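The values are calculated or read from the model by the stated rules, or taken from the named source; none is laboratory data. This is a predicted model, so every value here is computed, not measured. Don't worry about glycine lacking a Cβ; one is built from the backbone with ideal geometry, like all the others, and counts go over all protein chains shown. Ligands, DNA and RNA are excluded from the accessible area calculation, which covers all protein heavy atoms including side chains. Shrake-Rupley method; radii C 1.70, N 1.55, O 1.52, S 1.80 Å.
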Amino acid sequence: MKNVPLVGCLLVFAGSFLPLVHIPLVGNWGYWKLDHTMAIMVWSVSSVALASIIFNKVKLTRILAIILLFLFVITLFAIKAKSLNFFSFIPFKGLQNTMAGIVKLSWGWLFEFSGALLMLLAKNNKTENQNL
């Protein structure tokens, strides 16, 4: 049935509101605080994925899951680059890397990646389609 990709899509939606990055003295940041554009892109792709799950378009759901995984990987690289750039005022390269290392990924990424993987790896149930 389409319960597994639906749960995956809901995990992606929920994961975008959970803490994705922990910055000491600043706190936890979700997608909206990280980057508004990436948050809107993830929510848009997730919304289209939800529609494709409802209308039982398995190929489109898998393509959108791959796009979501790609967006998550881009976001992870952007977080690393932004943290290195944020501490660029420090004149010593080793100290810059140490200070950028205090920016830690949080547990919200587990929801994001597991949701997209559930959407990607869900089986197409042929017997269910024949009963409709």
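Using alpha carbons only, how many degrees (0 to 90, rounded to 10) separate the axis of helix 3-15 from the longest principal axis of the chain?
20 degrees
Using a 1.4 Å probe on the protein heavy atoms only, what accessible surface does residue 48 show? Give it in Å² to the nearest 10.
Around 70 Å² of this residue is reachable by solvent.
Just reorder 103, 26 by solvent-accessible area, largest first, 1.4 Å probe, all chains present.
If we order 103, 26 from most to least accessible, we get 26, 103.
So how exposed is residue 104, as accessible area in Å² (1.4 Å probe, rounded to 10)?
Its heavy atoms expose roughly 110 Å² to the probe.
How would 87, 77 line up by accessible area, probe 1.4 Å, largest first?
Ranking 87, 77 by accessible area, largest first, yields 77, 87.
Accessible area of residue 43, 1.4 Å probe, to the nearest 10 Å²?
Looks like 60 Å² after rounding.
For a quick size check, give me the Cα extents of the chain along its three principal axes, largest first, whole Å.
For the chain, the Cα extents along the three principal axes come out at 67, 21, 21 Å.
How far is helix 36-54 tilted, in degrees, relative to the longest principal axis of the Cα atoms in the chain, given as a value from 0 to 90 rounded to the nearest 10?
Roughly 10 degrees between the two axes.
Whenever you get a sec, compute what percent of the accessible area on the chain sits on carbon and sulfur atoms (1.4 Å probe).
C and S fraction of accessible area: 73 percent.
When the solvent-accessible surface of protein heavy atoms is calculated with a 1.4 angstrom probe, in what order do 13, 70 fall, highest first?
Reading off the accessible areas and sorting them downward yields 70, 13.
Hey, what angle do you get for helix 108-121 against the long axis of the chain, alpha-carbon based, 0 to 90 degrees rounded to 10?
Roughly 30 degrees, rounded to the nearest 10.
Under 16 Å Cα to Cα from residue 33, which lysines show up? Leave out anything in the same chain fewer than 8 places away.
Partners found: 80, 82, 104.
If you take every residue apart from residue 100 with its C-beta less than 12 Å away from the C-beta of residue 100, what net charge results, scoring Lys and Arg +1 and Asp and Glu -1?
The answer is +4.
Determine how many Å³ per residue the convex hull of the Cα atoms of region 1-54 encloses.
Residue-normalised Cα hull volume stands at 53 Å³.
Treating each Cα of region 55-108 as an identical point scatterer and ignoring solvent, apply the Debye formula and state log10 I(q)/I(0) at q = 0.21, 0.26, 0.29 Å⁻¹.
-0.79, -0.96, -1.06
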